Each structure stands twice: as structure tokens, then as C-alpha cells.
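The values are calculated or read from the model by the stated rules, or taken from the named source; none is laboratory data. From a predicted model like this one, the values you see are computed outputs, not experimental measurements. Cβ atoms come from the backbone with ideal geometry, glycine included; neighbour counts cover every protein chain shown.
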Amino acid sequence: MTNFWRTIVFTLLILSGCWSTFGQTPQKPETIKNKYENVEIVRFEIKDGVTLPAESRDVIMSQIVEELKQLKKFKQVSNTGETIPQDTGPTVRLNGTITQYKPGSRAKRYLVGFGAGSTKVGAHITLTDAATGAVLFEKDVDGTVWIGVFGGDSSGATRGLAKEVGKVTKKTLF
């Protein structure tokens, strides 16, 4: 087979893989920017097999509440489990599942460095309309500590996760 025919076959294979993309018309997503005035935070679940201590989940939840309050974009930010009355304006609900926890080692971070002994907490978050239950946005987020003064404190991973949730929420809704 000559190079010309190889090029033709290769191009056709590429195009056939993209055909479904070419044939679609873009769907107009519902505008969610600056729509929601309140946020309800639901206590995150912990995926089976993930060994995150229960008290760490409570710390994460309080850090997420604080991060969302610091955005100063919502009239009300509910504490975990509180519901916001519907007559106070459009409300978005934040749900999540802790999908990954690696406790790491401060000693390894301090002595070895270069990412050894890193602590990581990962979660899958979902933003839904509280009134309709419609899913607005989903994303995997995480927080990691791999360096710091004297090896860095592992609690920085939970703080990093909370900051990432705040950042993603702000970018999605405002």
C-alpha cells in the first residue's frame, strides 16, 4: 500500500471516529450563571472501601461551609443537613461522595520530599437545583498535600479539597 492510500485510510478512520461529533447540533444549556441565591450543603457520603475517618469528613464539611461563605456570593449557606425555605430564592444543593483517601506520611514528605508520602482526598461533587432536582454540574475534585514546613500537615489536603469545591462552585454559578 502506498503512502497516499495509507494517508487516505488513516484520514477516513479519524473522520469516522469524529462523525457523531460533526452530526450533532450544539445544545443550548440552561443558563445557571448568577441564578442561585442560596446553597444547601448535604453531608458527603464516603464510598465503600475508602478509609477516611468520620471526624475528617466532619472537618471537610465545615471547611466547605466556610469556603462557600467566604465567596460572599450566596445570601444563605446552609450548614450540613439544614434546608433553606424555597421562598428565600433559588437554591442550589451541593452533594458529594468522598471517593479517595490516601493518608500519606508527614515523615516521608519531610525526609524524602518529591511527592513521597503525599496525602490526598478526592470527591465527586454534584450541584443540583434544590426545587427540581435537576443536575446542573458534576465534577471530580481533590486536595493534596505533598510538601510543606516540616513535611506539611495532612489536614492541608482537606482544606485543599474545600477550596477546590469553592472554586468550582464559583466558576460554575457566577
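Scan the stretch 36-61 for residues that are farther than 19 Å from I84 by Cα, part of a loop (DSSP other than H, G, I, E, B) and in contact with a strand residue (DSSP E or B) (Cβ under 9 Å, 6 or more places away or on another chain) and report the count. Give the steps one after another, and end with the answer.
Going residue by residue through the stretch 36-61, those that are farther than 19 Å from I84 by Cα are 45-60.
Applying the additional criterion that residues be part of a loop (DSSP other than H, G, I, E, B) yields 47-53.
Then keep just the ones that are in contact with a strand residue (DSSP E or B) (Cβ under 9 Å, 6 or more places away or on another chain); that gives 47, 50-53.
Selection size over the stretch 36-61: 5.
Filter the stretch 44-61 down to residues that are under 15 Å from I125 (Cα atoms) and either modelled with pLDDT under 95 or of a type in the set (A, V, I, L, M, F, W, C) (or both), then give me how many there are. I'd like the intermediate steps shown before the answer.
To start, the set of residues in the stretch 44-61 that are under 15 Å from I125 (Cα atoms) comprises 44-47, 57, 60-61.
Now drop any that are not either modelled with pLDDT under 95 or of a type in the set (A, V, I, L, M, F, W, C) (or both), which leaves 44, 46, 57, 60-61.
Selection size over the stretch 44-61: 5.
Restricting attention to the stretch 73-89, does a residue exist that is small (G, A, S) and within 17 Å of E164 (Cβ to Cβ)? Steps first, please.
The first filter runs over the stretch 73-89 and keeps only residues small (G, A, S), leaving 78, 81, 89.
Add one more test, that the residue is within 17 Å of E164 (Cβ to Cβ), and what stays is none.
No, that holds for no residue.
In the stretch 59-79, what count of residues is obtained for those that are surrounded by fewer than 20 Cβ atoms within 10 Å (Cβ to Cβ), over 17 Å from the mean Cα position of the chain (by Cα) and not basic (K, R)?
Looking only at that region, the number is 3.
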